[in-house]
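The structure appears right after this line, and notes come after that.
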Amino acid sequence: MSTTATAVTPLTTQDAEVLLTAARRAAETAQVAVSVTVLDAGGHLLTFRRDDRAVLISGETSTRKAYTALQLNAPTADLVELVKPDGPFHSLTTALDRPLLFIAGGIPVHRDGTLIGAVGVGGGAPEQDHTFATAAVAALG
């Protein structure tokens, strides 16, 4: 008996544009200037955009949020409590060469149950960034 693995379509540049546009649209509706980063499953940049009025650091935070969500396959909002000094993963913030960021706004992207990338949003309050990233993933379907 042979089993055939079904290949999952990776995150495409067209998908990345859908994610970027939806996150920015959600932020614009809330009148928040943001940066949006979309990474593929390998952690490579597919698209990035910083609004003209977004604080400069938002570019770095959006990228780190996306990377963190990708590496841990979890929304960064779900990880905040785990890395506090009394949390079970408190040392994780310094465990890797590439810095992770445990602030809400990073969401992993799945297709057919497989991790294919991540989106990160920075520039608003953490809860806002999480909402904008969630809207992006919902738009991808």
Discussion item. I'm checking my understanding of the structure. Among residues of the range 13-38 that are assigned to a strand (DSSP E or B) and not polar (S, T, N, Q), which one is surrounded by the most Cβ atoms within 10 Å (Cβ to Cβ)?
Written reply: Val36
Worksheet entry | Selection from the range 1-51 of residues that are small (Gly, Ala, Ser) and within 18 Å of Ala104 (Cα to Cα) | Ala22, Ala23, Ala26, Ala27, Ala30, Ala33, Ser35
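The rows are residues; the columns are (1) over 18 Å from Ala27 (Cα atoms); (2) touching an Asp or Glu at 6+ places or on another chain (Cβ under 9 Å); (3) modelled with pLDDT of 95 or more.
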| site | (1), (2), (3) |
| --- | --- |
| Arg50 | no, no, yes |
| Ala54 | no, no, yes |
| Glu81 | yes, no, no |
| Arg98 | yes, no, no |
| Leu101 | yes, yes, no |
Item to complete: Would you be able to say whether some residue in the range 95-111 is buried (at least 21 other Cβ atoms within 10 Å of the Cβ) and in a helix (DSSP H, G or I)?
Response: no
Practice prompt. Please list, ordered by first then second residue, the pairs with beta carbon atoms under 8 Å, 6 or more apart or interchain, first in the range 103-128 and without any contact (Cβ under 8 Å) to a residue 60 or more places away in the chain, second of a type in the set (Asp, Glu) and buried (at least 18 other Cβ atoms within 10 Å of the Cβ).
Written response: Ile103/Asp129; Ala104/Asp129; Gly105/Asp129
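The values are calculated or read from the model by the stated rules, or taken from the named source; none is laboratory data. All values derive from a computational prediction rather than experimental measurement. So basically every Cβ, Gly included, is an ideal-geometry build from the backbone, and we count neighbours across all protein chains shown.
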